[in-house]
Amino acid sequence: MTHHVPPPGRHSRPGPPASTTGMPTTPPGPPTPTSGLPTTPPGTPAPTNGMPASAGAPSWGQAPLGTASAGSQGWSATSGGDGHGLGPGGPAPSPAHTSAATVGGQAGNRGPSGGAAQGQAVPGTAQPPAGTPARPSRRARRRAGTEDQAPTRKTQAPTFHGQAPAFHGQAPAPHDQAPARKKQVLWRRVAGAAVVAGVAGVAGWGFHRVFPGTELLTAVVPAAVAPAAVAVLTWRRPLWLALGLDVVLWFAGTILLYQGLEPGLFADVANSWQALLTTLLPAQPEPELLVLVHTLVWAAATIGAETLARTGTRIAATVPALLVFGVALMLGVDGQGSNLPVAGALFVLVAALALLRDDRPPVWLLAGLPAAAAVAALALVAGPLLPIAAQPYNPRNDADLPPPRRVDSVSPLDRVSAWLQIPDRELFTVKSGKPLNWRLAVLDRYDGVRWTSAARFQPTGGRVPEGEWTGAAEVVRQWVKFDGLPGTWLPAAERPQEVIGVRGLAVDPDSGALLAGSKPAKGFGYEVASRVARPTRQDLLEATPVRDPDLTAFPDSPQEQLFRRLAQQATKGADAPIKQAYRLQNYLRTNASYDVTAPPGHSLKGLEFFLQTTHRGTSEQFAATFALMARTLGLPSRVVVGFRPGQSSGGVYHVKSGHVMAWAEIKFDRLGWRPFYPTPGRSGAKDDHEVVSSAIEESEELEGEFAKGGSDRPKTSQPQAGKDGEDPATGPSPWLLAGVAGGGALVAYAGVVAALPWWRRRRRRSVVGAGQRVLGAWHQTCDDLGLKGVKGLTAGDVVSRHPGDISADLQPLAEISNFVRYAPEAVTDDAATAAWRRSDAIRRTVRARTPLTTRLRNRLLLR
């Protein structure tokens, strides 16, 4: 009786072949390799290669899965065993109603699609015995009404459609699992793009030390999300299309950032670097500064998302975002807050991406992410406790500061006499817990005619750098409201450390002077926190002046001798710098009188007239004269214009134009700038202002300390260089640090390049289980052949791609790996050893054929 294999139809279902003799059919079993693992008839000894025949494994020579490709509609079998492809002793199927049998691993096709046509013998296949009557054709049987009905039982012969299941790195999957597989791949692609967007966004949030506010999210979120979405939607499209969409979305993000079109967009992107390097942190969240963060995050997300979608790399897509985080660390090195939580979040996201790209089950994510989070939390806790003594490199120390600029057309010192003529004009109010002098402007350059400021104002988001004094101090908060004060100078108590509510704020780091970006309108208000120094008497007695030629410069003029002679006369017998300053202050307070009607001006001619003729003037003349006389003694000095506390009313001080006042300051080592008040009181004896009066009382007490001999001479101390003559801080060059960091990164990468392939081969060779070692040998061979990451290839596809001397080892290795997939429990250690011997031979052959430059490039790209 012949065995009939019905064609696939509506009622056909996969199943074992139906028996026509009443004997149970042999269920399909794992294929027995035909090369490297020869088949043997039943009852013969176990085959070679260390692999015994598996229980239930057929000996009828069915082709190993992947070594034969299916025909157009039929199924393929490898000739072996009894030569009929159905098992020992089985009947030979009619070639007219069966698929072409595979010989030597090549499949024939039924019908006109290729191979033998219907009714023709296929070379190499078993033929029916002589004398066997030919079976009528299907058409003839249909006409006669004797056509066999397709069995509906599940024991019918199996029908294979399409190609043999893919095996390259994956177990064969039935066709009904293809949609699930496709859904899983789509899920991983979307999840990977989301992780890349998260890495870019978190790296952009590293700029929170530069822009500590929610405005940063406006620049970061669109730039991180849009490129990832484009990569998911266009991963099968040309790269130029995806990049074009990314550029359009970047431009749309800038419109959201600027709240409209900005003609100077590209200029802002080019200049934002220098602007941030000359800005005192925190920076104002201005669009012209935030556009830099937006561009960096967009570039990192675009490169990362396209790398993830178009390559098979694991974590290379996160490298651009990590570089952006490095830029954020450098630009925010002196900002407030910490980036340790940001670094921990980046570590967890990179670990999640590595798990996603490793094609592991979702359970690995559930186990791996908590482990990565635990490591990040440990680093977050232990990081601040590490004994790191080195100061981080600050690029702002090497940036070129903006040149000095003239703030107002009229110097505040020139306004003193004019304001005193209209003393009842409301200027501003201050709400404060205690009365203080409100500083307005600091003038440290004199040209013989007027005092001006050489301040180098830098933009800031509100923080003011600390001064030289690091000892005891009292923090006083003030709420200032403008009423009629002209100009852009902002009053505050010495020394400001934080300003809130001023848009476009700029500060001079040396003097602490504040400047608004535009002229404040009436009713404008802001908050200031000032750090008022409280040095001890011993600190004052031991003070020594700093060395700064700019702060002791005196214009070349004949008046210099007059000022020097009077200064020496006033300080005669004072051998300590602080004592000289107090003697000079007392000299002017007792040898001249305060008069608001005195002629204005502070030129050398006018001050000479004040000293030799009138002996009366306002605080303008007293402060300017004191500063110039101090400079002839080598004391670095400057002039400050400000206001007395004003009239108090319910904790609010109303400051009027008549409260204007100028005083002088001298810079001491460690103490910083100390105020001196050479202007006498309105009565000619005591001042009617309690701040000045307390300062005068303090100076008189210190004069008494000197007179008693308690501290005739201050302790010696090395003078500190001033602003221009300051010795640069010792330390390695930033270029040297950058070179060392780059060299270290290259060495680390070279180590990874050299060790990763060796570690991968060692892991695959030493894995537990002979079957896993066989599969490891096959995976290693696919990597060596350049097929890493290529999906959907069968063993036959891999073998057919590499004929010649490579296939001599590749064909047996493919058959061994296929056998492992169907009967892993039957694999022995000898089979694993044989598989690796084949893999090593293939590796040597491939290396001999591949040029050195190609191997080096593949190694550097971690292929």
*Given the pairs 434/605; 431/519; 522/605; 572/667; 579/605; 431/605, which span a C-alpha to C-alpha distance of over 30 angstrom in this model?*
434/605; 522/605; 431/605
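Sort the following peptides by mean Cβ neighbour count (other Cβ atoms within 10 Å, averaged over residues), highest first: 268-278, 551-561, 635-645.
635-645, 268-278, 551-561
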*Over all directions, what mean area does the Cα convex hull of the stretch 491-621 project, stated in square nanometres?*
11.5
*Counting only protein heavy atoms and using a 1.4 Å probe, what share of the accessible area of the stretch 492-639 belongs to carbon plus sulfur, as a whole percent?*
48
*Can you figure out the FRET efficiency of residue 488 with residue 853, using R₀ = 56 Å and their beta-carbon distance, to the nearest 0.05?*
0.30
*Between residue 267 and residue 400, how many nm apart are label points set 7 Å from Cα along the C-beta direction?*
1.8
*Compute the distribution of all C-alpha to C-alpha distances in the stretch 550-689, in bins of 10 Å from 0, and list the percent of pairs in each, rounded to whole numbers.*
12, 42, 33, 11, 2, 0
*Going by average Cβ neighbours within 10 Å, how do the peptides 245-258, 660-673 rank, with the highest at the top?*
660-673, 245-258
*Subtracting the Cα-Cα distance from 0.36 nm times the residue separation, let me have the gained length for residue 763 to residue 749 in nm, one decimal.*
3.0 nm
*Average projection area in nm² (convex hull over Cα atoms of the stretch 511-554, one quarter of hull surface)*: 6.3
*Cα coordinate range in the stretch 412-460, projected on the principal axes (Å, largest first)*: 36, 34, 18
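Please report, as a whole percent, how much of the solvent-accessible surface of the stretch 221-365 comes from carbon and sulfur atoms (probe radius 1.4 Å).
73
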*Quarter of the Cα convex hull surface for the stretch 489-538, i.e. its orientation-mean projected area (nm²)*: 4.1
*Computed E for residue 575/residue 670 - FRET, C-beta separation, R0 22 angstrom, nearest 0.05*: 0.65
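Sort 516-527, 566-577, 492-503, 773-784 by packing, meaning the average of other beta carbons within 10 Å per residue, with the highest value first.
Averaged packing, sorted descending, gives the order 773-784, 492-503, 566-577, 516-527.
Using 0.36 nm per residue, how much length does the chain from residue 554 to residue 801 gain when fully extended, once their Cα-Cα distance is taken away? Walk me through the numbers on the way to the answer.
On the way: separation 247, 0.36 × 247 = 88.92 nm, distance 8.89 nm.
Result for the pair: 80.0 nm of gain on full extension.
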*If you wrap a convex hull around the Cα atoms of the stretch 521-590, how much volume per residue is inside, in Å³?*
224
_Calculated FRET efficiency for the pair residue 323/residue 445, C-beta based, R₀ 41 Å, to 0.05_ = 0.40
*Averaged per residue, what accessible area in Å² does the stretch 582-663 show with a 1.4 Å probe, protein chains only?*
31
_Test of understanding: what is the full-extension gain from residue 561 to residue 605, defined as 0.36 nm times their sequence separation minus their Cα-Cα distance?_
14.5 nm
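The values are calculated or read from the model by the stated rules, or taken from the named source; none is laboratory data. Everything numeric in this text was worked out from a predicted model, so none of it was measured. Neighbour counts are summed over all protein chains in view; Cβ atoms, including those assigned to glycine, are modelled from backbone coordinates with ideal geometry. With ligands, DNA and RNA removed, areas are computed over all heavy atoms of the protein, side chains included. Shrake-Rupley method; radii C 1.70, N 1.55, O 1.52, S 1.80 Å.
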